[in-house]
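Just so it is clear, none of the values below were taken in a lab; they were calculated from the coordinates. Small disclaimer: the values here were computed from a predicted structure and weren't measured. Positions of Cβ are generated from backbone atoms using ideal geometry, with glycine treated the same way; all protein chains shown enter the neighbour counts.
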Amino acid sequence: MKERQFVVDDLTLKDSWRMFRILAEFVDGFEVMPEVYPAVSIFGSARSKPQSRAYKTAYEIARLLVESGFNVISGGGPGIMEAANKGALEAGGKSVGLHIHLPSEQEPNPYANVRLEFRYFFVRKVMFVKYAVAYVILPGGFGTLDELFEALTLIQTKRIKSFPVILVRTEFWEGLVDWLRDTLLDAKTISEGDLDIFCIVDTAQEAVDIIRKTVVL
């Protein structure tokens, strides 16, 4: 019993000190991120290769966004994140990489001219959403879905001001959207209007046109 109490106290002590590391990450973000406004957060798979359609589309979206007066935020890693940072950098914009430290180390890409380092996903998520005027979601995995549904939930519950959430590539996303409509909506766990929070496009130009029409600079 005493040994168990020691372990609990030890964990609590570590948690108390961890607060300072968390606060430091928030402070770093709050000091740096206002400088990149207005920005668009771009998400997608870290596994996408430079020759893939998704990579090329992300690059083009980022380039067009910068040419339209926006900066670009990505997760700072490989794949779609690299494409977004590369497109923004080469177009002359602020290319933000919010790099996360993972047990299986994810190397930062070399195309971010503004970089922040994070240990905690939840702090990083705040930076993605707080300083974005739109989300662009390309094909990806669990992390991409996590960011997508985080934004949808915050908009649905009116915890943040509504902004464009754009899914890119119909054939990738239509199965998920069908499930939302046929399962969640049918079960009345979401409302019909919730399906209007996001839209689907197939080209970089379509995505950027929606942002340009919706977001007032």
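To keep it simple, each residue is scored yes or no on (1) touching a residue at least 60 places away in the same chain (Cβ under 8 Å); (2) under 30 Å from Thr170 (Cβ atoms).
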{"residue": "Phe26", "(1), (2)": "yes, no"}
{"residue": "Phe30", "(1), (2)": "no, no"}
{"residue": "Leu65", "(1), (2)": "yes, yes"}
{"residue": "Gly69", "(1), (2)": "yes, yes"}
{"residue": "Gly75", "(1), (2)": "yes, yes"}
{"residue": "His101", "(1), (2)": "no, no"}
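Checked against (1) more than 17 Å from Ile137 (Cα to Cα); (2) in a loop (DSSP other than H, G, I, E, B), His99 passes all but a single condition, namely (2). Lys125 meets the conditions (1) assigned to a strand (DSSP E or B); (2) among the charged types (D, E, K, R); (3) closer than 13 Å to Ile73 by Cα in every case but one. The failed one is (1).
Within the stretch 87-111, being touching a Lys or Arg at 6+ places or on another chain (Cβ under 9 Å) and over 18 Å from Val129 (Cα atoms) holds for Gly87, Ala88, Glu90, Ala91, Gly93, His101, Pro108, Asn109, Pro110, Tyr111. In the set (1) in a helix (DSSP H, G or I); (2) exposed (fewer than 10 other Cβ atoms within 10 Å of the Cβ); (3) within 19 Å of the chain's Cα centre (by Cα), the condition left unmet by Glu171 is number (3).
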